[in-house]
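Notes follow the structure.
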Amino acid sequence: METIHIQGGIPLQGKVRIQGSKNAALPILAACLLMEDVSFLRNCPRIADVEAMIELLQCLGCSMHWRREGLEVNTRQFNCGALPEKAVRGMRSSVFLWGALLGRCGEFSLEYPGGCVIGNRPVDMHIWALEQLGARFQQEESRLYAYAPHLSGAYIRLPISSVGVTENIILAALSAQGDTYVEGAAKEPEIIALCDFLNRCGAWIEGAGTEHLHVVGGRRLYGTEYTIPADRIVAGTYLFATIGTGGRVLLEQAPVKHMGETIRVAEDMGAVLYLTSEGIYVQGPSRPRSIRLETAPYPGFPTDLQSIVLAVETVGEGRSKITERIFENRFRIVPQLQKMGADIEVEDSICAHVCGVNALKGAHLHGEELRGGAALVIAGLMADGESRVDGVSYIMRGYENICRDFKELGARVSGE
Ligand code: EPU
């Protein structure tokens, strides 16, 4: 599917089951390389980024099988082989292989990771952190060669909160001699999931979800069964889509506990929310109230939901101010929304001033990245008339089937 056609103006109604978390599943798949065993990941999302990671693991001799309830990962035949350039470049999450491969093979030679065009997405801190554990890096044209015959535990203080760097340190530190202490670790729920998984495999990691992490090195790991938690960003996407269309939806299995700021912002926008054991029941307002929002590392408002709120606030009452603090290119969808009649001004490329209009009008839109693409689909659902969103392959990196989900909620959408 490359294009989604949308007939807008219909409030979303009904219930939707929230898929497993992309950002929990990807590092957990990399973590499987640290053991010679079989693991079973329940609720693993069937999305393009996971399929790409599966392909990388298969190249390293792992056998991967989708079963009805999840993904079986067998790393018993693992070998330290080469990885195809295209697959590595194609996804940002190939960076998680660094810590795991250093631990398992003592070296790697890989292309720089690719990923969404939401900013520079440098890897300097990954390199610096792994160097603290004893790894050495050499640039080889477009590739990066790293070797670490002996990883040693270290005390690492991160200058800024980084999810990926924290995860890479954990993966490498498990194979190090001695313990590793991280200060300034990222606190995202996906790090808690990675540590829960690894602790079930026999690791000893303390402090997940806080700024202080303690990883015991050198313990032998075994395969396990684990349920990937529900995706808080997908739940947030459908929550704001309900607000944008003035609908009523039950977000089944939404991870309420990890959606604090998202829920607060939704309520500020005028939604009525009931948090139940089944998930979140949301009733959208007739028109969203304007807000002031700044993205921040967890427990702050997630950068991954910023463009979605921006799209919804184009029809808000009054003026909203949305500030992006994590990635510098998150406002790429603004010209697309302007095509639909949105009134948005971007200041210094980090702050968007949105003046709500009465209605958006349907348009032909181009998604260029995962969350921005989802935001455009939501803008299409809110708009009068027909919209067409291209670039659906970006959306499929993180959503199992956004078209099916919106259709089940009564939207008139179709994919081709
Ligand atoms: N940073 C550096 N140097 C580095 C690494 C990061 O300067 O070596 C900076 C980044 O440029 C950014 C900040 O650190 O300004 C934080 O980025 P972080 O490393 O936390 O991001 P990430 O690990 O690359 C993960 C998610 C992203 C999510 C961010 C922030 C995964 C696979 N990806 O990325 O998810 O936006 O954390 O929460 O976990 C998405 O799902 O759409 C997505 C992009």
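The values are calculated or read from the model by the stated rules, or taken from the named source; none is laboratory data. These numbers were taken from a predicted model, which means no experiment stands behind them. Quick reminder, even Gly has a Cβ in these numbers, built from the backbone with ideal geometry, and neighbours come from all protein chains shown. Accessible surface areas use protein heavy atoms only, side chains included; no ligands, DNA or RNA. Shrake-Rupley method; radii C 1.70, N 1.55, O 1.52, S 1.80 Å.
When the stretch 397-408 is filtered for residues that are touching an Asp or Glu at 6+ places or on another chain (Cβ under 9 Å) and open to solvent by 10 Å² or more (accessible area, probe 1.4 Å), only R397 remains.
Every residue in the stretch 347-368 that is β-branched (V, I, T), over 22 Å from S387 (Cβ atoms) and not in a loop (DSSP other than H, G, I, E, B), please.
Quick first cut of the stretch 347-368, residues β-branched (V, I, T) only: 350, 354, 357.
Still in the list and also over 22 Å from S387 (Cβ atoms): 350.
Those that are β-branched (V, I, T), over 22 Å from S387 (Cβ atoms) and not in a loop (DSSP other than H, G, I, E, B): none in the stretch 347-368.
Need at least 3 residues that are open to solvent by less than 20 Å² (accessible area, probe 1.4 Å), assigned by TED's automatic domain parsing to the domain that holds A363 and touching a Ser or Thr at 6+ places or on another chain (Cβ under 9 Å) per element, so show me which helices (runs of 4 or more DSSP H) inside the stretch 251-345 make the cut, counting only ones lying wholly within it. Break it down into steps so the answer makes sense when it comes.
Working: elements: 260-268, 306-313, 334-339.
Passing ranges, in order: 306-313.
Scanning the stretch 385-402 for residues that are closer than 21 Å to T245 by Cα, away from the ligand (no atom under 12 Å from the Cβ) and under 16 Å from the mean Cα position of the chain (by Cα) turns up N401, I402.
Here's the yes/no breakdown for (1) in contact (Cβ under 8 Å) with a residue 60 or more places away in the chain; (2) open to solvent by 10 Å² or more (accessible area, probe 1.4 Å):
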{"site": "P45", "(1), (2)": "yes, no"}
{"site": "A48", "(1), (2)": "yes, yes"}
{"site": "E69", "(1), (2)": "no, yes"}
{"site": "Q77", "(1), (2)": "no, yes"}
{"site": "G81", "(1), (2)": "no, yes"}
{"site": "A87", "(1), (2)": "no, yes"}
{"site": "G90", "(1), (2)": "no, yes"}
{"site": "F96", "(1), (2)": "yes, yes"}
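Count of the stretch 382-396 residues, restricted to those that are open to solvent by 10 Å² or more (accessible area, probe 1.4 Å), farther than 23 Å from G316 by Cβ and in a helix (DSSP H, G or I), is 2. Go through the stretch 129-155 and count every residue that is aliphatic (A, V, I, L, M) and within 13 Å of the ligand (Cβ to nearest atom). Of the residues in that region, 3 qualify. The residue pairs whose first member lies in the stretch 117-128 and is at pLDDT below 75, whose second member is open to solvent by 20 Å² or more (accessible area, probe 1.4 Å) and among the hydrophobic types (A, V, I, L, M, F, W, C), and whose beta carbons are closer than 6 Å, counting only pairs six or more residues apart or on different chains, are I118/F327; G119/F327. When E36 is tested against (1) surrounded by fewer than 19 Cβ atoms within 10 Å (Cβ to Cβ); (2) at pLDDT below 95; (3) assigned to a loop (DSSP other than H, G, I, E, B), only condition (2) is not met.
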